[in-house]
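Take a look at the structure set out below.
The values are calculated or read from the model by the stated rules, or taken from the named source; none is laboratory data. Everything numeric in this text was worked out from a predicted model, so none of it was measured. Quick reminder, even Gly has a Cβ in these numbers, built from the backbone with ideal geometry, and neighbours come from all protein chains shown. Each accessible area value is taken on the protein alone, full model and side chains, heavy atoms only, with ligands, DNA and RNA left out. Shrake-Rupley method; radii C 1.70, N 1.55, O 1.52, S 1.80 Å.
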Amino acid sequence: MNLALPHLILGSRSPRRSQLLTEAGFRFTIRIEETDESFDERIPVLEVAEMLACRKADALFSTLTNEEVLLTADSVVIIKDQIFNKPEDYDDGRRILQILSGKKHTVATGVCLCTIEKRHSFTVCTEIHFDEIDDDEMHYYLTKYTPYDKAGGYGIQDWIGVCKVGRIEGSYTNVMGLPVREVYVALKQFQVFPFME
């Protein structure tokens, strides 16, 4: 069974979000508008991703037609009430991995779905338990993979996710950048697409 959603607009250039939607059988078009991803540090950390997802939706709202539904998302990595963004360089990536090593952290993805007439947003959280990561492993990961475009400085689908994650509590696809199951449920509630054989 495939999902026919010819008017789904993905407001993201993330290759992982595109991959996940494609694997789930969605048809969609990518539409991009640059947005400011800064935030007031007084905002509770679990509200930041959803706020940013809604800001991305606001930036694209004027481009929507009556037949389109827009999907935007943003993911943040949180440990001890601190958000870790994409690392700036090797040293910053190493600093982040040292903090994550041997600890539990949260990946929160905010999702915003909207049409011209209605909007629904939500946040999905997943808990990740990392094993200890030694210096050689950090160097290997930071030089052999490309974590510099990823929140928290790592990709769950990379070597580090396969070899150094001890336990995941919650949605795996959420850690990749989009909680596909929850998006699917929300789209059904939106009643914006039919099923097709």
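Rundown of residues vs (1) of a type in the set (K, R); (2) modelled with pLDDT of 95 or more, yes/no style:
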| position | (1), (2) |
| --- | --- |
| R94 | yes, yes |
| G110 | no, yes |
| D135 | no, yes |
| C163 | no, yes |
| N174 | no, yes |
| V185 | no, no |
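In this structure, does D81 turn out to be acidic (D, E), open to solvent by less than 60 Å² (accessible area, probe 1.4 Å) and either at pLDDT below 95 or under 20 Å from D149 (Cβ atoms) (or both)?
Answer is no for this residue.
Does I116 satisfy being open to solvent by 20 Å² or more (accessible area, probe 1.4 Å), more than 23 Å from V185 (Cβ to Cβ), modelled with pLDDT under 95 and part of a loop (DSSP other than H, G, I, E, B)? Give the derivation first.
Details: open to solvent by 20 Å² or more (accessible area, probe 1.4 Å): yes; more than 23 Å from V185 (Cβ to Cβ): no; modelled with pLDDT under 95: yes; part of a loop (DSSP other than H, G, I, E, B): yes.
Here the answer is no, as I116 does not meet what is asked.
Pairs under 6 Å by beta carbon, first residue touching a residue at least 60 places away in the same chain (Cβ under 8 Å) in the range 94-115, partner surrounded by fewer than 18 Cβ atoms within 10 Å (Cβ to Cβ) and of a type in the set (F, W, Y), six or more apart or different chains?
V111/F122
Do you know which residues across the range 44-78 are basic (K, R) and open to solvent by 50 Å² or more (accessible area, probe 1.4 Å)?
R55
Among the residues of the range 119-138, what is the count of those that are over 24 Å from P179 (Cα atoms) and open to solvent by 60 Å² or more (accessible area, probe 1.4 Å)?
4
In the range 139-160, what residues are open to solvent by less than 20 Å² (accessible area, probe 1.4 Å) and either touching a helix residue (DSSP H, G or I) at 6+ places or on another chain (Cβ under 7 Å) or at pLDDT 95 or above (or both)?
Passing the criteria: Y141, L142, P147, G152, G153, Y154, G155, I156, I160.
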